[in-house]
Amino acid sequence: MITYEKLTGGLYTIAEMSANHSGKLENALAIVRAARDAGADCLKIQTYTADTLTIDCDNEYFRIHGGLWDGRTLYDLYQEAYTPWDWQPEIKRECEALGLDFLSTPFDASSVDFLESMDVSAYKIASFELVDIPLIEYAASKGKPMILSCGMASPEEIQDALDACKRVGNSQIVLLKCCSEYPANEADMHLATIADMRNRFGVPVGLSDHSMGPLAAVVAVSLGACVVEKHFCLSRAQKNPDSAFSMEPDEFREMVEQIRRAATIRGEATYALTASEQASTAFRRS
C-alpha cells in the first residue's frame, strides 16, 4: 500500500510499464515480476482508452510531428499503447502477491472511478494532464496521496494544480520534475529546478525521468529527490511505443543500487563528527 510517509520518508522507486506490455497480458505480468526482482518499490500503469483521450481523426491537429512517434495519429498511438482495463485488477493482484505497490495514472473521471473500484492507494497525474484542474480535483478528492508530474508546466500552472488538491482537503502531494521529451535530452533536463520546486512550493519533489541510463536519477537523488520514476521494459528489442526510452531489468537494478548509494552519500546537512573523525582530532596541531 502506498502511503505519503512511504513516498516521502526515504527513496521510492517506480517502474512505469506504460506500453511495454506490447498488447499481451503475459508480458504485463512478467514485467511486474521483473520489476520486483529489479528492486522497484512500485509498478505503475496508465488507465485510459483511445476514446477517453482523443477522437479518431487523422487531420494535422491529431497527428504527431517529430520524435519517436512521428506521423502517427494520437488515436492510433493510444490504441496501441493503452493497458486494457480488464487486465488491471489482475496486474494489481500480481503486484500485491509479490509485495510490490501498484499505482496508475488516470486521465479522466471515468478512469478515477474505475481505479477507485480497484481500491488503489494513490494517484499519479501525468505532465500532460497537470492543467486538467477538474481531473486533479476529482482524483485528490478521494483523499489519497497525489503524485503530480510537472513536465512543460510553468510555476503558475504547478501552483494551480497544488491549489486544486488543497481545495478538496488533500495536502498529501509530491511533485515530480520532468522533461517531457522522449527520450529526454540531458541538456534539457535542468535538475537544479528540483531544489527550487521544493523551496518554492513547500512539498517533497522527485523525478520522472525519460532520459537514457541512470545518471539523471543519481543527480536528482543527490539534489534531494525522494521519488524516482523510470519507464521499464523486459527488453528494448521488444518494440512498442515506449521501448526505445525504457530501462531493461538489469539496468533498473543497477540504477536502484546507484541511487541508494547516492542517497547515502548525500546524507543530511550536519557538522557533527563521525567516530573516525573524532578519533582523528587527537592528531590536530596542539
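The values are calculated or read from the model by the stated rules, or taken from the named source; none is laboratory data. Just so we're clear, the structure is a prediction, and the values are computed from it rather than from any experiment. Positions of Cβ are backbone-derived with ideal geometry, glycine not excepted, and every protein chain shown enters the neighbour counts. Quick note on the areas: whole protein, heavy atoms, side chains included, nothing else; ligands and nucleic acids left out. Shrake-Rupley method; radii C 1.70, N 1.55, O 1.52, S 1.80 Å.
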Q) Taking every pair of alpha-carbon atoms in segment 1-96, what share in percent sits in each 5 Å bin, from 0 to the bin with the longest distance? A) 2, 12, 19, 18, 16, 13, 11, 7, 2, 0
Q) Rounded to two decimals, what is Rg over Rh for segment 53-158 when you use alpha-carbon atoms and the Kirkwood radius? A) 1.00
Q.
Using each residue's phi in segment 188-199, evaluate 6.51 cos²θ - 1.76 cosθ + 1.60 at θ = phi - 60° and report the 3J(HN,Hα) Karplus result to the nearest Hz, with x for Gly and Pro.
A. 9, 7, 6, 6, 4, 5, 4, 5, 5, 4, 4, 6
**Q.** Interchain or long-range residues, amide H under 5 Å from residue 16's placed H
**A.** 44, 230, 231, 232
**Q.** Modelled FRET efficiency - R0 41 Å, residue 116 with residue 271, Cβ distances, 0.05 increments
**A.** 0.30
(Q) Quick one: 3J(HN,Hα) in Hz for segment 11-18, Karplus 6.51/-1.76/1.60 with θ = phi - 60°, rounded, Gly and Pro as x. (A) 9, 10, 10, 10, 9, 8, 6, 6
Q) Using the Karplus equation 6.51 cos²θ - 1.76 cosθ + 1.60 (θ = phi - 60°), what ³J(HN,Hα) coupling, rounded to whole Hz, does each residue of segment 241-251 give in order, writing x for Gly and Pro? A) x, 10, 5, 4, 10, 9, 8, 7, x, 5, 5
Q) Which entries in the list 24/142; 124/166; 6/177; 92/177 go over 21 Å, if you measure between the two C-alpha atoms of each? A) 24/142; 92/177
Q: Report the accessible area of residue 266, computed with a 1.4 Å probe over the heavy atoms of all protein chains in place, in Å² rounded to the nearest 10.
A: 90 Å²
Q: Determine the dipole magnitude for segment 69-136: charges of +1 sit on the beta-carbon of Lys and Arg, -1 on that of Asp and Glu, nothing else is charged, the reference point is the Cα centre, and the result goes in debye to the nearest 20.
A: 120 debye
Q | Helix-only mean residue ellipticity at 222 nm for the chain, each DSSP H run of n ≥ 4 adding -39500 (n - 2.57), per residue, nearest 500 | A | -11000 deg cm²/dmol
Q: Using only the alpha carbons, work out the radius of gyration and Dmax of segment 203-244 in angstrom.
A: 12.2, 38
Q) So what is the accessible area of the chain per residue, in Å², with the probe set to 1.4 Å? A) 46 Å²
(Q) Which residue, 123, 38, 241, has the largest displacement toward the positive end of the dipole of the chain when charges sit on each Cβ (Lys, Arg +1; Asp, Glu -1)? (A) 38
Q. Counting only residues 5 or more places away or on other chains, whose amide H sits under 5 Å from the amide H of residue 173 once H atoms are built in the peptide plane?
A. 146
Q: Take the solvent-accessible surface of the protein heavy atoms, probe 1.4 Å, and return the percent of it on the chain that carbon and sulfur atoms account for.
A: 51 percent
Q. Tell me, Kirkwood radius of segment 131-286 from alpha-carbon pair distances, in Å?
A. 17.7 Å
Q: Might you report the magnitude of the Cβ-based charge dipole of segment 27-88 about its Cα centre, with Lys and Arg at +1 and Asp and Glu at -1, to the nearest 20 debye?
A: 320 debye
Q. Non-local amide H neighbours of residue 180 (under 5 Å, H modeled in plane, Pro and chain starts lacking H): which ones?
A. 152
Q) Relative to the Cα centre, what is the charge dipole magnitude of segment 197-286, using +1 at the beta carbon of each Lys and Arg, -1 at the beta carbon of each Asp and Glu, and rounding to the nearest 20 debye? A) 380 debye
Q | With DNA, RNA and ligands ignored, accessible area of residue 212 (1.4 Å probe; Å², nearest 10) | A | 80 Å²
